[in-house]
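Trainee: Have a look at this one before I ask anything.
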Amino acid sequence: MHLVAAGHQLFKGLRAKVENQMRAMRQRKVWGEAPQLWLLLLLATVSCTLWASVTARTGPSHDKVVVCYISTWAVYRPEQGAYAIDNFDPNLCTHVVYAFAGLDITQASIKSLDPWQDLKEQYGKGGYEQLTGLKRSHPHLKVSLAIGGWNEGSANYSSLVANSYLRERFVKQVSSFVRKYNFDGLDLDWEYPTQRGGKPSDRENFVALTKELREEFDNHGLLLTSAIGAAKKVIDEAYDVRQISRYLDYLHIMCYDYHGSWDQKVGYNSPLAAPAEDPFSVKFTIDYLLKLGAPPSKLVLGLPFYGRTFKTVSEGNLNDGSDGVGFRGPYTREDGFLGYNEICNVLSNKTSGWTKQWDPQTSQVLARSERNVFTQDVSVVTFDSSRSIANKVLYAMSKRLAGVMVWSVDTDDFLGNCELDGDTFEDFKVVSSAPRRLSQSYPLLRTINEATVLALEQLAVPEPVPDDSENEIPHGSIADRKNAAASIVSLSLTATALFMLLHSLAH
Ligand SMILES: *[C@@H]1O[C@H](CO)[C@@H](O)[C@H](O)[C@H]1NC(C)=O
Ligand SMILES: *[C@@H]1O[C@H](CO)[C@@H](O)[C@H](O)[C@H]1NC(C)=O
């Protein structure tokens, strides 16, 4: 970035110089030196064109995906917890997913679950078009609409996929719906086929749905992705991994909620690793999916921007018995759940009495309160810190996955209220140039992008050797960035030539 900034300064300085010289020349009536002036104008035009091509590049500086979910009901949270689409920073994500739309099973159609928030009709806020409108200023961004989510349940989706006539209607309707609002694709968030009121036949019917959506979407260049449960039981029963991998562009693996208040004991929300035989870990899930035939280039590792909460009368250690409910936060107000922003606020407060400890095996943090003198309870939260996130990104890169996904950006410290962690890259081998933050906001999302670059450096992923033939360069690739660097170099050269010319004119 500093190269770009320097280029910008140089350009501004030069423009001022040119204007001064022109004014001076007009006064001295030296328009006779026409050839030099034309050359000067030509050079200026070339510089501007190059400059525009450099600044048009938006989004992360690496070529991995960063899929950002927005839980759009976050707009109703109180005070500093409220998150509107205005709060979203498109530069930190490659893909953004608007969560959630619902299913109208009587019509076999996708529908808005909050027309006032989502649509423009009847003076609505038009959230769909506000989010897809960000593509104008950020051409790198892909925007999808998610259908489903936990509250939508499973039974209606089960009925939809069981009937080929309903599937056909749905496929046509959803395709025109996403295009109507200028979305780039659809994200299926059925939680989960065969579970929670679903049927065993959902497994193969879900394949049929993804296949038919793919055929329709290919006519319009639309993206088709799906959120995928991480529990071994869900994977075994719900997904024909090899088949759905054929039709989906990406599988967003929900690698969290491995443990929570429902276990009635303290456990880690999203442990990176676990002892052998324990399937409740990120590494188990990813290795298992790879073994079942998912191509790494389609797997996207999900990262939680939240923790799971517990209340215990014991000391607040791992595996201590807990009450089965946990506690809620002031913004998200959901039992057993705390957003990272709520967690970092309480941990940044020196008088709150909270302490935290890092667990190297799982890359998780366990934080606990002092014992409440009235209830005798200790409150506990297990969560992902910046260091947890960085380590998981390193793992995803080591497995050559497509990238990472986050649930969800609205519980990052998007306002930048908390102190930044000092240990983020503690477990990285070489941090040649420790990234310097220009902003305190979005500490976890920024960590993802920094860690992606550092992890790829550390793993020394062999870059494709460019040969002399005309290669098609994918957007945002390493080769692309080299071209950008080359543009800056030629811009500087042009600027120098321009400067020298002006100098000779002046004397
Ligand atoms: C399933 O569809 C029925 C009929 O439209 C509806 O009443 C019900 O609320 C739906 N279920 C869920 C969980 O949304
Ligand atoms: C910090 O924690 C103390 C004790 O819980 C509380 O009274 C105070 O309001 C908190 N301060 C902030 C800024 O939240």
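Trainee: Whether any residue in segment 185-193 is away from ligand 2 (no atom under 16 Å from the Cβ), surrounded by fewer than 19 Cβ atoms within 10 Å (Cβ to Cβ) and either charged (D, E, K, R) or closer than 27 Å to residue 392 by Cβ (or both) is what I want to check.
Mentor: Here is the first cut: in segment 185-193, the residues away from ligand 2 (no atom under 16 Å from the Cβ) are 185-193.
Of the ones still in play, those that are also surrounded by fewer than 19 Cβ atoms within 10 Å (Cβ to Cβ) are none.
Within segment 185-193, not a single residue is away from ligand 2 (no atom under 16 Å from the Cβ), surrounded by fewer than 19 Cβ atoms within 10 Å (Cβ to Cβ) and either charged (D, E, K, R) or closer than 27 Å to residue 392 by Cβ (or both).
Trainee: Among the candidates 283, 199, 233, which residue alone is in the same structural domain as residue 168 (by TED's automatic domain parsing), in contact (Cβ under 8 Å) with a residue 12 or more places away in the chain and more than 22 Å from residue 398 (Cβ to Cβ)?
Mentor: On the way: 283 fails: more than 22 Å from residue 398 (Cβ to Cβ); 233 fails: in contact (Cβ under 8 Å) with a residue 12 or more places away in the chain.
Unique residue meeting the criteria: 199.
Trainee: Taking the stated definitions as given, is residue 407 away from ligand 2 (no atom under 16 Å from the Cβ), aromatic (Phe, Trp, Tyr) and within 17 Å of the chain's Cα centre (by Cα)?
Mentor: Numbers: away from ligand 2 (no atom under 16 Å from the Cβ): yes; aromatic (Phe, Trp, Tyr): yes; within 17 Å of the chain's Cα centre (by Cα): yes.
So residue 407 passes the test.
Trainee: Which of the numbered conditions does residue 252 fail, given that it passes all the others? Conditions: (1) in contact (Cβ under 8 Å) with a residue 60 or more places away in the chain; (2) surrounded by fewer than 21 Cβ atoms within 10 Å (Cβ to Cβ).
Mentor: All conditions pass for residue 252, except number (2).
Trainee: Limited to segment 414-471, what total is found for residues that are among the small types (Gly, Ala, Ser) and either modelled with pLDDT of 95 or more or within 17 Å of the chain's Cα centre (by Cα) (or both)? It would help to see each step written out before you state the result.
Mentor: So in segment 414-471, the residues among the small types (Gly, Ala, Ser) come out as 416, 422, 432-434, 439, 441, 451, 455, 460, 469.
Those left that are additionally either modelled with pLDDT of 95 or more or within 17 Å of the chain's Cα centre (by Cα) (or both): 416, 441, 451, 455.
Qualifying residue count for the region: 4.
Trainee: Please work out which one of (1) touching a strand residue (DSSP E or B) at 6+ places or on another chain (Cβ under 6 Å); (2) within 16 Å of ligand 1 (Cβ to nearest atom); (3) assigned to a loop (DSSP other than H, G, I, E, B) is the condition residue 183 fails and give its number.
Mentor: Result: residue 183 passes all but (2).
Trainee: Could you grab me the full set of residues in segment 205-234 that are under 21 Å from residue 285 (Cα atoms) and part of a helix (DSSP H, G or I)? Explain how you work it out, then say what you get.
Mentor: Applying the first criterion (under 21 Å from residue 285 (Cα atoms)) to segment 205-234 yields 206-207, 225-234.
If the condition is that a residue be under 21 Å from residue 285 (Cα atoms) and part of a helix (DSSP H, G or I), then 206, 207, 232, 233, 234 are the ones that fit.
Trainee: Based on this model, can you work out whether residue 193 counts as in the same structural domain as residue 254 (by TED's automatic domain parsing), touching a Lys or Arg at 6+ places or on another chain (Cβ under 8 Å), at negative phi and touching a residue at least 40 places away in the same chain (Cβ under 8 Å)?
Mentor: Numbers: in the same structural domain as residue 254 (by TED's automatic domain parsing): yes; touching a Lys or Arg at 6+ places or on another chain (Cβ under 8 Å): yes; at negative phi: yes; touching a residue at least 40 places away in the same chain (Cβ under 8 Å): yes.
Taking the combined requirement at face value, the residue satisfies it.
Trainee: Among the residues of segment 87-105, is any away from ligand 2 (no atom under 16 Å from the Cβ), buried (at least 20 other Cβ atoms within 10 Å of the Cβ) and either assigned to a helix (DSSP H, G or I) or charged (D, E, K, R) (or both)?
Mentor: Checking segment 87-105: at least one residue is away from ligand 2 (no atom under 16 Å from the Cβ), buried (at least 20 other Cβ atoms within 10 Å of the Cβ) and either assigned to a helix (DSSP H, G or I) or charged (D, E, K, R) (or both).
Trainee: Does residue 18 satisfy the criteria of being loosely packed, with under 15 Cβ neighbours inside 10 Å, among the hydrophobic types (A, V, I, L, M, F, W, C), at pLDDT below 55 and not assigned by TED's automatic domain parsing to the domain that holds residue 127?
Mentor: Values: loosely packed, with under 15 Cβ neighbours inside 10 Å: no; among the hydrophobic types (A, V, I, L, M, F, W, C): yes; at pLDDT below 55: yes; not assigned by TED's automatic domain parsing to the domain that holds residue 127: yes.
Here the answer is no, as residue 18 does not meet what is asked.
Trainee: Same structure again: Which one of these does residue 310 not meet: (1) surrounded by 16 or more Cβ atoms within 10 Å (Cβ to Cβ); (2) at positive phi?
Mentor: Exception for residue 310: condition (2).
Trainee: Here is a list of conditions, (1) under 17 Å from residue 270 (Cβ atoms); (2) in the same structural domain as residue 235 (by TED's automatic domain parsing), and residue 295 meets all of them except one; can you say which number that is?
Mentor: Single failed check for residue 295: (1).
Trainee: Does residue 145 satisfy the condition of being farther than 27 Å from residue 94 by Cα and among the aliphatic types (A, V, I, L, M)? Show your work before the answer.
Mentor: Working: farther than 27 Å from residue 94 by Cα: no; among the aliphatic types (A, V, I, L, M): yes.
In short, no.
Trainee: Checking the structure you have, find out if any residue of segment 119-135 is more than 16 Å from ligand 1 (Cβ to nearest atom), charged (D, E, K, R) and buried (at least 19 other Cβ atoms within 10 Å of the Cβ). Outline the logic, then answer.
Mentor: First pass over segment 119-135, keeping only residues more than 16 Å from ligand 1 (Cβ to nearest atom): 119-135.
Imposing the further condition that a residue be charged (D, E, K, R) reduces the set to 120-121, 125, 129, 135.
Going one step further and asking which of them are buried (at least 19 other Cβ atoms within 10 Å of the Cβ), we end up with none.
Checking segment 119-135: not a single residue is more than 16 Å from ligand 1 (Cβ to nearest atom), charged (D, E, K, R) and buried (at least 19 other Cβ atoms within 10 Å of the Cβ).
The values are calculated or read from the model by the stated rules, or taken from the named source; none is laboratory data. Everything quoted here is computed from the prediction, not taken from an experiment. Counting neighbours? That spans all protein chains shown, and the Cβs are built from the backbone with ideal geometry, glycine included.
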